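Here's the structure, in structure tokens; my notes come after.
The values are calculated or read from the model by the stated rules, or taken from the named source; none is laboratory data. For clarity, every value in this text was computed on a predicted model and none was experimentally measured. No Cβ is skipped: glycine too gets one built from the backbone with ideal geometry, and neighbour counts run over all protein chains shown.
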Amino acid sequence: MRIAITDTCIFIDLIDFRLTSEFFSLEVEVHTSLDVYNELYPHQQELLKAYQSTGRLDIHVVTGEEKIKIQETEYPRSLSEIDKTIIYLGEKFDAMILSSDKAIRNFAGIKAIEVHGILWIFDRLVENKLITHTIAVNKIRSLIFGNIIYRNNLELNTEIEKRIAKWNDLDK
């Protein structure tokens, strides 16, 4: 089973969409850093604790020695310290990274780390019949309207429209 290092924005979106259970049903080992976990609100942390207690989520504590390695590595200024832990864990575990953060996605691509965002997760949820395409279309539309970053991103909107058309074709 493939390891997926997940960042804060993915967890926030999944929790907001009430798709956490479906996400943890995918055939991936979900990992994150304690730093990411600590960025979440207490009610979000509580929800994820349930998955940690059942072995569906591994939360990694980045050691002092690892933090020194991270500090010694050249990263773009656009990456926060928490973003750097995601990249570091992706490399350490030869894992894919799940993030909607453009800076993480760009740098992961440069480092030849497989990286996917929320749309990839929606694709997997529909493919695995964990959600219907109708639910996917409704939730992905709410993504556009509910998040100004997504709303103003032409490339992302193009990808969203492709998926909506593809999923709507499943009705025909």
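Within segment 54-69, take every residue that is in contact (Cβ under 8 Å) with a residue 12 or more places away in the chain and assigned to a helix (DSSP H, G or I) and give me the one that is nearest to the chain's Cα centre (by Cα).
Taking segment 54-69 as the starting set, the residues that turn out to be in contact (Cβ under 8 Å) with a residue 12 or more places away in the chain are 56-62, 66, 69.
After this cut, where a residue has to be assigned to a helix (DSSP H, G or I) as well, the list is 66, 69.
Values: E66: 22, K69: 24 Å.
Checked segment 54-69; the qualifying residue nearest to the chain's Cα centre (by Cα) is E66.
Exactly one residue among E114, E127, E81 is out of contact with any Lys or Arg (no Cβ under 6 Å at 6 or more places or on another chain), more than 26 Å from I160 (Cβ to Cβ) and not aliphatic (A, V, I, L, M), and that residue is E81.
Count of segment 104-136 residues, restricted to those that are surrounded by fewer than 17 Cβ atoms within 10 Å (Cβ to Cβ), over 16 Å from the mean Cα position of the chain (by Cα) and in a helix (DSSP H, G or I), is 3.
Taken over segment 20-53, residues that are touching a Lys or Arg at 6+ places or on another chain (Cβ under 7 Å) and assigned to a loop (DSSP other than H, G, I, E, B) amount to 2.
For segment 49-69, the set of residues classified as more than 22 Å from F122 (Cα to Cα) and surrounded by 17 or more Cβ atoms within 10 Å (Cβ to Cβ) consists of I59, H60, V62, listed by residue number.
Do we find a residue being surrounded by 14 or more Cβ atoms within 10 Å (Cβ to Cβ) and among the hydroxyl-bearing types (S, T, Y) anywhere in segment 158-172? Within segment 158-172, none of the residues are surrounded by 14 or more Cβ atoms within 10 Å (Cβ to Cβ) and among the hydroxyl-bearing types (S, T, Y). For segment 70-93, the count of residues that are touching a residue at least 40 places away in the same chain (Cβ under 8 Å) and outside any helix (DSSP H, G or I) is at least one.
Only one of the listed residues (S100, S78) is within 29 Å of G146 (Cα to Cα), at pLDDT below 95 and more than 17 Å from the chain's Cα centre (by Cα). That residue is S78.
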